[in-house]
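The values are calculated or read from the model by the stated rules, or taken from the named source; none is laboratory data. Nothing here was measured: the structure is a model prediction, and the numbers come from that model. Note: ideal-geometry Cβ built from the backbone for every residue, glycine included; neighbour counts use all protein chains shown.
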Ligand code: ATP
Ligand code: FE
């Protein structure tokens, strides 16, 4: 099987070709990071136009790099949700066009399932059931993956995701946003004293597996205001003293943001082992999982609980086309796909887009235990 994967759910336009042996034949990403830095966030209409501008080129490049043409493909996989519908539409239209012209089956992919399953491409011995912590810009999920397509949600965020907190911290600290905020905070945090600013760990009193990052965001903003840090002055032009103050906030924020992950993961592992005692692995994926500090702290938790950590390489943790192609392969192998769309389909056909699409069912016991 050779599958093309297309991803346009947020601010990256990505495509990749993967085969059923798990070989990555090509991988292309066009990022809107510079655009976002200039305008200070994602504006759906602007993101849609940016995707539309590069999608043909990104897909063509993925095929060229794999030394293939469209007719060599077995199927096309594309993210249909969750995400911004204007953006999802660009990818889905392109996928239908490619599939329609060559009579290829289509697989509609859940973006967060793809962040999870890419771990099975990386780690061949990763069998169901396993656990996953998904940490990205829009999600903070603890998942028990019982089988392909069968997920239980042990925890989620009640407000913001950790990636959002990293991005705002980067912005308020005046860091370079031409790439995403997370890596910039991680880098600066290495120069800081993580115990110097006392932030409170969120949701200590909640005996559940849910997350909250809105309050920590506010704590960081107040600390930045109290130290009179001016985000208009770039880090490069800040004095030594001011640079240290910013680094201390970055390190203190990161420590507490990750402590919150550690505490909830530990509880979720206990819950999950009660449901499925045969679990051996915790997958950590999504953009924030490319952070070295996050990885090493969670590795400690997982070891303490007698499990193994599986964390994809950074390029497969942040949004990419490989995870979409691979998830397409996983479903295709079980006969879960849509028939080829008609060739020359009219542009106004109603598409199956799922901007809000939960991954699996909520864990009922978790709900009743939550305060
Ligand atoms: P979602 O997957 O929830 O739809 P998304 O697709 O925008 O969100 P991803 O590409 O999976 O997100 O992840 C992007 C997020 O990961 C951003 O918030 C970014 O700051 C964060 N991130 C990336 N690298 C790092 C890092 N090294 N440290 C911390 N955060 C990081
Ligand atoms: Fe993502």
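Selection over the stretch 166-186 of residues that are under 10 Å from residue 224 (Cβ atoms) and within 16 Å of ligand 2 (Cβ to nearest atom) gives a count of 0.
Only one entry of 121, 142, 177 meets the criterion of being in contact (Cβ under 8 Å) with a residue 60 or more places away in the chain, crowded, with 24+ Cβ neighbours inside 10 Å and touching a helix residue (DSSP H, G or I) at 6+ places or on another chain (Cβ under 6 Å), and that entry is 142. Among the residues making up the stretch 3-24, those that are buried (at least 20 other Cβ atoms within 10 Å of the Cβ) and away from ligand 1 (no atom under 16 Å from the Cβ) are 3, 4, 17, 18. If we scan the stretch 47-70, do we find a residue that is surrounded by fewer than 21 Cβ atoms within 10 Å (Cβ to Cβ) and under 21 Å from the mean Cα position of the chain (by Cα)? Yes, that holds for at least one residue. Note on the stretch 272-371: enclosed helices (runs of 4 or more DSSP H) holding 2 or more residues that are free of Cβ contacts under 8 Å to residues at least 40 places away in the same chain are 292-304, 364-369.
Hey, does the stretch 218-238 have a residue that's under 30 Å from residue 362 (Cβ atoms) and either surrounded by fewer than 16 Cβ atoms within 10 Å (Cβ to Cβ) or within 16 Å of ligand 2 (Cβ to nearest atom) (or both)? Looking for residues that are under 30 Å from residue 362 (Cβ atoms) and either surrounded by fewer than 16 Cβ atoms within 10 Å (Cβ to Cβ) or within 16 Å of ligand 2 (Cβ to nearest atom) (or both), one finds at least one in the stretch 218-238, hence yes. When the residues of the stretch 180-192 are filtered to those that are more than 11 Å from residue 247 (Cβ to Cβ) and at pLDDT 95 or above, the one that is surrounded by the most Cβ atoms within 10 Å (Cβ to Cβ) is 182.
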